């Protein structure tokens, strides 16, 4: 088993990575004394796959536990779902000594973390991510929230989990589309922080796509290590943490313009190519480097171009309301080389229009 630490002083927490960890969550939480009982929050699909193994682990360690389900999909990531879940907690007399466990992908982690942050003004929660995207990215760092019609993740909070348990064996049942969804975020980490990791992803592509768990655990550990370092240095995204948004500014606009029919990872892949083109246009990034990035993204079966049918006007409007914008001016994370990026709002609207036009 691999173990990392997110260094946040008295709010530091561990990340565990290994095979079969679903069966070990109860034993670890018993030692950690996070809560006296747990409510496991999962969508209906994940509950059917992994609810019982996790509940069995918790019960074997002496915990009272219950499973609360909600409908799967990005369409559930809104305030009405949070209200329904909060009412379920109140009906079960959940109090501040109880805890929540987010069992699932990024939607579940974001909803559960937000619920934990606001229910009774804060109760502990734990992340048990079941998708590659959640394992390498959204389960670590404490960003929680839900969508509103005006934008993605515009209502939320920073609220750190007490622990993250990453069971690599759950990736065996992950649909191919969801594996690719996570691999976009994996590529992101290599571009923003680690050129050697970028080269590793190119060399080990076949093993990764074949779901070699030893290789995937290495990939997960590297991504979590990078994110843990960034979060420890800048928990609330005042400066450095913004590099984690590489590909996301345009990516979120792509998602929104598609009414979320384009998956997050695919949108981020498109966004990474788009901002690399912006960086080339500004003379910050070599065209040969941009081509390498585009080729790696394509090699993993991810899209590299904004679909022709998406409403560009809607995308531009979304960029102005993106939570990372200030005064309607979006910030972009632009690569300067593979492994380093810069953050700027100094991008001419004409350049953005040209990139969006494709």
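Take the residues in the stretch 299-309 that are surrounded by fewer than 19 Cβ atoms within 10 Å (Cβ to Cβ) and in contact with a helix residue (DSSP H, G or I) (Cβ under 9 Å, 6 or more places away or on another chain), then tell me which one is nearest to residue 198 (Cα to Cα). Steps first, answer last, please.
Here is the first cut: in the stretch 299-309, the ones surrounded by fewer than 19 Cβ atoms within 10 Å (Cβ to Cβ) are 299, 301, 304-305, 307-309.
Then drop every residue that is not in contact with a helix residue (DSSP H, G or I) (Cβ under 9 Å, 6 or more places away or on another chain), which leaves 299, 301, 304-305, 307.
Working: 299: 13, 301: 16, 304: 17, 305: 21, 307: 26 Å.
Across the stretch 299-309, the extreme among qualifying residues is 299.
Could you say whether any residue in the stretch 265-279 is assigned by TED's automatic domain parsing to the domain that holds residue 343 and part of a loop (DSSP other than H, G, I, E, B)? Give the steps one after another, and end with the answer.
Taking the stretch 265-279 as the starting set, the residues that turn out to be assigned by TED's automatic domain parsing to the domain that holds residue 343 are 265-279.
In the following step, the residues that additionally are part of a loop (DSSP other than H, G, I, E, B) were identified as none.
Looking through the stretch 265-279, none of the residues is assigned by TED's automatic domain parsing to the domain that holds residue 343 and part of a loop (DSSP other than H, G, I, E, B).
Can you pull out every residue in the stretch 157-169 that is part of a strand (DSSP E or B) and surrounded by fewer than 19 Cβ atoms within 10 Å (Cβ to Cβ)? Talk me through it step by step, then tell me what you get.
Keep residues of the stretch 157-169 that are part of a strand (DSSP E or B), which gives 157-158, 164-167.
Selection gives 157, 158.
What about residue 194, is it over 22 Å from residue 73 (Cα atoms) and surrounded by fewer than 21 Cβ atoms within 10 Å (Cβ to Cβ)? If you could, list the steps in order and put the result at the bottom.
Details: over 22 Å from residue 73 (Cα atoms): yes; surrounded by fewer than 21 Cβ atoms within 10 Å (Cβ to Cβ): yes.
When the stated conditions are applied, residue 194 passes them.
Any chance you could count how many residues in the stretch 90-108 are in a helix (DSSP H, G or I) and surrounded by fewer than 22 Cβ atoms within 10 Å (Cβ to Cβ)? Can you show your working first?
First, the residues of the stretch 90-108 that are in a helix (DSSP H, G or I): 90-91, 106-108.
If we keep only those that are surrounded by fewer than 22 Cβ atoms within 10 Å (Cβ to Cβ) too, we end up with 90-91.
Number satisfying all stated conditions: 2.
How many residues are closer than 19 Å to residue 47 by Cα and over 12 Å from the mean Cα position of the chain (by Cα) when one looks only at the stretch 93-110? Write out each step before concluding.
Narrowing the stretch 93-110 to residues closer than 19 Å to residue 47 by Cα: 99-110.
Those still in the list that are over 12 Å from the mean Cα position of the chain (by Cα) too: 99-103.
Adding up the residues that qualify gives 5.
What do you reckon, is residue 269 surrounded by fewer than 24 Cβ atoms within 10 Å (Cβ to Cβ) and closer than 23 Å to residue 343 by Cα?
On the way: surrounded by fewer than 24 Cβ atoms within 10 Å (Cβ to Cβ): no; closer than 23 Å to residue 343 by Cα: yes.
Considered against the rule, which asks whether it is surrounded by fewer than 24 Cβ atoms within 10 Å (Cβ to Cβ) and closer than 23 Å to residue 343 by Cα, residue 269 comes out as no.
Out of curiosity, is residue 35 exposed (fewer than 15 other Cβ atoms within 10 Å of the Cβ) and assigned by TED's automatic domain parsing to the domain that holds residue 115? Outline the logic, then answer.
Details: exposed (fewer than 15 other Cβ atoms within 10 Å of the Cβ): no; assigned by TED's automatic domain parsing to the domain that holds residue 115: yes.
The answer is no for residue 35.
Looking at the stretch 291-305, which of the residues that are part of a helix (DSSP H, G or I) and in contact (Cβ under 8 Å) with a residue 40 or more places away in the chain is nearest to residue 184 (Cα to Cα)?
Let us first name the residues in the stretch 291-305 that are part of a helix (DSSP H, G or I), namely 291-299.
With in contact (Cβ under 8 Å) with a residue 40 or more places away in the chain added as a condition, the list becomes 292-293, 296-297, 299.
Working: 292: 15, 293: 11, 296: 10, 297: 7, 299: 11 Å.
Only one residue fits best here, namely 297.
Report yes if residue 280 is under 20 Å from the mean Cα position of the chain (by Cα) and either closer than 16 Å to residue 358 by Cα or crowded, with 17+ Cβ neighbours inside 10 Å (or both), otherwise no. Break it down into steps so the answer makes sense when it comes.
Numbers: under 20 Å from the mean Cα position of the chain (by Cα): no; either closer than 16 Å to residue 358 by Cα or crowded, with 17+ Cβ neighbours inside 10 Å (or both): yes.
Criteria not met by residue 280.
Do we find that residue 2 is in contact with a strand residue (DSSP E or B) (Cβ under 6 Å, 6 or more places away or on another chain), over 16 Å from residue 116 (Cα atoms) and surrounded by fewer than 17 Cβ atoms within 10 Å (Cβ to Cβ) in this structure?
Working: in contact with a strand residue (DSSP E or B) (Cβ under 6 Å, 6 or more places away or on another chain): yes; over 16 Å from residue 116 (Cα atoms): yes; surrounded by fewer than 17 Cβ atoms within 10 Å (Cβ to Cβ): yes.
Yes, satisfied.
Quickly run through the stretch 10-26 and pick out the residues that are surrounded by fewer than 14 Cβ atoms within 10 Å (Cβ to Cβ), closer than 15 Å to residue 162 by Cα and in contact with a helix residue (DSSP H, G or I) (Cβ under 9 Å, 6 or more places away or on another chain).
Across the stretch 10-26, the qualifying residue is only 12.
On the given criteria, is residue 249 touching a strand residue (DSSP E or B) at 6+ places or on another chain (Cβ under 6 Å) and either in the same structural domain as residue 151 (by TED's automatic domain parsing) or modelled with pLDDT under 95 (or both)? Outline the logic, then answer.
Values: touching a strand residue (DSSP E or B) at 6+ places or on another chain (Cβ under 6 Å): yes; either in the same structural domain as residue 151 (by TED's automatic domain parsing) or modelled with pLDDT under 95 (or both): yes.
Against the criterion (touching a strand residue (DSSP E or B) at 6+ places or on another chain (Cβ under 6 Å) and either in the same structural domain as residue 151 (by TED's automatic domain parsing) or modelled with pLDDT under 95 (or both)), residue 249 qualifies.
So that you can scan it fast, the table gives a plain yes or no per residue for (1) touching a residue at least 40 places away in the same chain (Cβ under 8 Å); (2) outside the structural domain of residue 165 (by TED's automatic domain parsing); (3) farther than 19 Å from residue 139 by Cβ:
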{"site": "218", "(1), (2), (3)": "no, yes, no"}
{"site": "221", "(1), (2), (3)": "yes, yes, no"}
{"site": "234", "(1), (2), (3)": "no, yes, no"}
{"site": "243", "(1), (2), (3)": "yes, yes, no"}
{"site": "257", "(1), (2), (3)": "yes, yes, yes"}
{"site": "260", "(1), (2), (3)": "yes, yes, yes"}
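Which of (1) under 16 Å from residue 38 (Cβ atoms); (2) in contact with a helix residue (DSSP H, G or I) (Cβ under 9 Å, 6 or more places away or on another chain) is the odd one out, the single condition residue 93 does not satisfy?
Exception for residue 93: condition (2).
Let me confirm something: among 163, 207, 134, which residue is free of Cβ contacts under 8 Å to residues at least 60 places away in the same chain and farther than 30 Å from residue 321 by Cα? Reasoning before the result, please.
Details: 163 fails: free of Cβ contacts under 8 Å to residues at least 60 places away in the same chain; 134 fails: farther than 30 Å from residue 321 by Cα.
Exactly one residue qualifies, and that residue is 207.
Are any of the residues in the stretch 306-318 touching a strand residue (DSSP E or B) at 6+ places or on another chain (Cβ under 9 Å) and either assigned to a loop (DSSP other than H, G, I, E, B) or not assigned by TED's automatic domain parsing to the domain that holds residue 204 (or both)?
Restricting attention to the stretch 306-318, the residues satisfying the condition of being touching a strand residue (DSSP E or B) at 6+ places or on another chain (Cβ under 9 Å) are 318.
From the residues that got through so far, the ones that are either assigned to a loop (DSSP other than H, G, I, E, B) or not assigned by TED's automatic domain parsing to the domain that holds residue 204 (or both) too are none.
So far as the stretch 306-318 goes, no, none of its residues is touching a strand residue (DSSP E or B) at 6+ places or on another chain (Cβ under 9 Å) and either assigned to a loop (DSSP other than H, G, I, E, B) or not assigned by TED's automatic domain parsing to the domain that holds residue 204 (or both).
The values are calculated or read from the model by the stated rules, or taken from the named source; none is laboratory data. On a predicted model such as this, the values are computed, not experimentally measured, just so you know. For neighbour counting, all protein chains shown are included, and Cβ atoms are generated from backbone atoms with ideal geometry for every residue, glycine included.
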